[in-house]
Amino acid sequence: MKKVLFATINPAKVKKYKEQLKEKGIELITIEDLDFVLPINENGKSAIENAYIKAKAYYDVIKIPTIGMDNYLFIEELPEEKQPGAYVRRVNGKRLSDEEMITYYTHLVKNYGGKLTAKWVYGMVICNGKNTKEYSWSKDHFYFIDKPSPKRNPGYPLDSITIVPEFNQYLIELTKEQKEQYKAKDKIDEVVNFIVQNV
């Protein structure tokens with residue numbers, strides 16, 4: 001089985017692709033499987049730039065195909081200077097825990113009337129020694145509200161304040177069937193194919 005490093009400490013990101021990749025003969029290992037963490041300055045201006053920074057830094061040390069991934073959050077009602085962009089988890093220079101993120105974003109939503117329209121833009125970069133490949137995709141708009149669900153998804157705290165318009169429910173509280181419908185918009189199959197073709 002081919003080993004590929006996913007340069008992330010986010011368990012939810014790994015879980016999303018691990019099983020499908022295993023079926024295709026690829027074993028995802030993560031930063032937690034290594035004996036060290038590289039100090040990386042994620043100072044890119046987009047999800048793709050930050051994904052590249054992570055993938056290249058770890059590939060240069062580990063020398064196995066490496067995936068970098070990042071998310072860019074765009075919120076319609078916010079002025080440009082307040083857009084989270086690639087710094088969804090880093091606010092005023094501080095990396096927020098899951099609970100701190102929920103607190104920060106619910107306060108932000110309250111300040112703008114209790115509801116914000118948002119969308120995720122994703123970037124993935126693979127360094128495999130021969131070349132670097134990149135892939136970007138986005139999801140439909142959804143809403144943040146200022147009252148969080150009590151349920152949590154480790155690594156994806158904003159699921160607790162996200163309302164999926166087609167179901168008018170918290171993302172974290174969708175039924176199994178609803179989750180399957182919603183996941184279809186995640187382009188998981190396309191992302192898995194991109195990884196398989198480029199590692």
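Descriptive notes on the structure:
- Residue tally, condition surrounded by 11 or more Cβ atoms within 10 Å (Cβ to Cβ) and assigned to a helix (DSSP H, G or I), over the stretch 20-31: 4
- Some residue of the stretch 21-37 being modelled with pLDDT under 90 and closer than 18 Å to ASP186 by Cβ: no
- Within the stretch 138-184, the set of residues being buried (at least 16 other Cβ atoms within 10 Å of the Cβ) and among the aliphatic types (A, V, I, L, M) comprises ILE145, LEU158, ILE161, ILE163, VAL164, LEU171, ILE172, LEU174.
- Strands (runs of 3 or more DSSP E) contained entirely in the stretch 96-191, each with at least 1 residues that are of a type in the set (Asp, Glu) and either closer than 30 Å to LYS54 by Cα or within 19 Å of the chain's Cα centre (by Cα) (or both): 132-138
- Residue within the stretch 129-137 that is crowded, with 17+ Cβ neighbours inside 10 Å, of a type in the set (Asp, Glu) and either touching a helix residue (DSSP H, G or I) at 6+ places or on another chain (Cβ under 9 Å) or modelled with pLDDT under 90 (or both) present: yes
- Inter-residue pairs, beta-carbon under 7 Å, first under 30 Å from LEU34 (Cβ atoms) and in the stretch 66-82, second surrounded by 15 or more Cβ atoms within 10 Å (Cβ to Cβ) and charged (D, E, K, R), 6+ apart: GLY68/LYS54; MET69/LYS13
- Residue match in the stretch 37-46 (condition: outside any loop (DSSP other than H, G, I, E, B) and surrounded by 18 or more Cβ atoms within 10 Å (Cβ to Cβ)): no
- Single match in TYR87, TYR59, TYR17, TYR52 (criterion: of a type in the set (Phe, Trp, Tyr) and free of Cβ contacts under 8 Å to residues at least 60 places away in the same chain): TYR87
- The stretch 155-191, residues that are in contact (Cβ under 8 Å) with a residue 24 or more places away in the chain, under 17 Å from TRP137 (Cβ atoms) and either among the basic types (Lys, Arg) or out of contact with any helix residue (DSSP H, G or I) (no Cβ under 9 Å at 6 or more places or on another chain) (or both): LYS185, LYS187, GLU190
The values are calculated or read from the model by the stated rules, or taken from the named source; none is laboratory data. As the structure is a prediction and not an experimental result, all values here were calculated from the model. Here the Cβ is made from the backbone with ideal geometry for all residues, glycine too, and neighbour counts use every protein chain on show.
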